[in-house]
Every structure is written in structure tokens, then in C-alpha cells.
1. Could you sort the peptides 115-122, 184-191 by per-residue average Cβ neighbour count (10 Å cutoff), highest mean leading?
2. Sorting Thr156, Thr81 by accessible area (1.4 Å probe), largest first, what list results?
3. Using the Kirkwood radius built from alpha carbon pairs, what does the Stokes-Einstein equation give as D for the stretch 115-245 at 10 °C and 1.306 mPa s, in µm² per second?
4. Given a 1.4 Å probe and the protein chains all in place, what does the accessible area of Phe141 round to, in Å² to the nearest 10?
5. In Å², and per residue, what accessible area does the chain have when probed at 1.4 Å with the other protein chains present?
6. What is the antiparallel percent of DSSP beta bridges lying wholly in the stretch 1-120, to the nearest 5?
7. D for the chain, whole µm²/s, Stokes-Einstein with Kirkwood Rh over alpha-carbon pairs at 37 °C and 0.692 mPa s: what number?
8. Compute, for the chain, the length of the dipole vector about the Cα centre, with Cβ point charges of +1 (Lys, Arg) and -1 (Asp, Glu) only. Units Debye, rounded to 20.
Amino acid sequence: MMERERLEILGCPIDVLTMDTAVEHISSAIANTGTCQVVTANAEILYAAQHDPELFVILQDAGLVTADGMGVILASRILGTPLAERVAGYDLLHALAARSERTGWKIYLLGAKQEVVDAAAANLRRMYPAITIAGKHHGYFAQEETGSVLHDIKQTGADILFVALGAPRAEKWIYANLNKSGASIGIGVGGSFDILAGVSVRAPLWMQRIGLEWLFRLWRQPSRIWRMLALPKFIWMVLWNKWVH
Ligand code: UDP
């Protein structure tokens, strides 16, 4: 791994990155042929990690943890160590897909419904004609099928494994299985395949820029309200910790 700077939010590491430096780190990890789990951490994941020791350990052990979402950027400001920008999973997927056209990295898509992952792969090929999608598999397989999924990934010789199983399931799956997959990089990318497939839509850029992507998500999917309460709870916890220490 290249030299890196990290901050700590509620005991969890966050790498100080821009999209460009994130891609450089991943590129050097592939060149070093080790394995590297990349976690795109949003407020929900960091909050969940406070009550989920397994997730907490995954964050400590991850090769790279990016700040995904305004909640994490806000927390970095509260702590007096402001991060320059978010590195969201969906944007990182695009940045790596674009880079892979030059480097020849092989990509594997794991997750979402069969028709969604098929459409996501087709759309990626349309957007990045020189991309190598080595393989894909839907995300609704039983625990007992893990071995055959890993066998499929391994025989494709994939370098980057994008996992869209929902958070934190994807992070846990990668933690348990990346070293058996033969891939160098494993990244949980949440609902990215649904966006690539056109099944769900991302907030308009202006909303993303002013940090209101969460509001757009809530409007599209009001049932997320309970999960999204993690955001104010997370900010509250960050403030509380700052005051107490
Ligand atoms: N998903 C999956 N297998 C499952 C559950 C979910 O492949 O058992 C996929 C789902 O189809 C979607 C993605 O995981 O493409 C993200 O799901 P969700 O939006 O619930 O997750 P989050 O926003 O928390 O990452």
C-alpha cells in the first residue's frame, strides 16, 4: 500500500482521500497482488459498527476506508479534521471502470437480482467499451452456494470484485471470502447495480453537491426512514464524544 493518512471517527478509521488518490491506492494494491478490502463507509455503517463488533473489526482491518456520504464529511468537520470530498461507492465504481479500460483489470459483479446484474454489466460495457467484465453472479444465493460462487469468481481471474449485497452484508461477505476469490480488491457498492441498471435513480448532482442526497433517497423510498435515523444518531454521537473528551 502507498503512504496514507487516516482519521478516526468513533473508533473507526477513515482514509483521507480524494477520488483520484483512492483510485491510485487501489491501483497499487492490484500491482502488489495482495488482497485489499475497500469499505465505502457512510454514517449508517459507522453507526452500525458501534453495536456490531464484527463490522467494527472489518473497518479496522480494511485496506482502505473511504468517506461515503455527507454524514461522514460533517463528522470530519466537527472533529476539526475536514475531509476534502466524499468517495461514494457508485462514483468509485465508475472511476475504476474508466481506469480499467487502460489497465485491463478484470472486473466481477456480484449481487442484486439476476436481471439487474445483467443490465448493469451491459450498461457498463456500453459506457466503457474497453472494460473487461470477467463474470457476474446475482446476489440471492444460499450460504451453501458460496463455494461455487467463489469457484466461479476464481476461474475468471478477476482483479476487482464489486459486491452489491446491501450493507453490511457485502462488507461481511468480502471479509470472509475475498482471499478465497483470487481477486485483489473487494468493494461493497450498496445499491449501485440497481442504479447502473436504471432500476433506481440517484439524486440529481446539485442535491449531491449540497449534501442532500439522503433527502432524495428518503423521498424515493420513505421506508428507509428507520435506517436513516442512523444519520442524526451518528452525528449526535460524534458531538457527544467531542464534548466528553
Ligand atoms: N441484495 C442482494 N442479495 C440480498 C439482499 C440484497 O443481492 O440478499 C442486493 C439488492 O438487490 C440491491 C443491493 O443488494 O441491489 C442493495 O440493497 P439495499 O438497497 O437494500 O442495500 P443498501 O442500500 O443498504 O446498500
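1. Details: 115-122: 18.8, 184-191: 25.2.
So the order, starting with the most tightly packed, is 184-191, 115-122.
2. Working: Thr156 20, Thr81 60 Å².
Ranked from most to least accessible, the order is Thr81, Thr156.
3. Details: Rh = 17.1 Å.
Estimated via Stokes-Einstein, D reaches 93 µm²/s.
4. 40
5. Numbers: 11750 Å² over 245 residues.
Ligands and nucleic acids excluded, the result is 48 Å² per residue.
6. Numbers: 4 of 8 bridges.
So the antiparallel bridges amount to about 50 percent of the total.
7. Working: Rh = 18.2 Å.
Taking Rh from Cα pairs, D becomes 180 µm²/s.
8. Numbers: 23 positive and 23 negative charges, 106 e Å.
Charge dipole, the chain, about its Cα centre: 520 debye, nearest 20.
The values are calculated or read from the model by the stated rules, or taken from the named source; none is laboratory data. Predicted model, so just to flag it, every value in this text is computed and none were measured. Positions of Cβ are backbone-derived with ideal geometry, glycine not excepted, and every protein chain shown enters the neighbour counts. Only protein heavy atoms, including side chains, enter the accessible area calculation; ligands, DNA and RNA are left aside. Shrake-Rupley method; radii C 1.70, N 1.55, O 1.52, S 1.80 Å.
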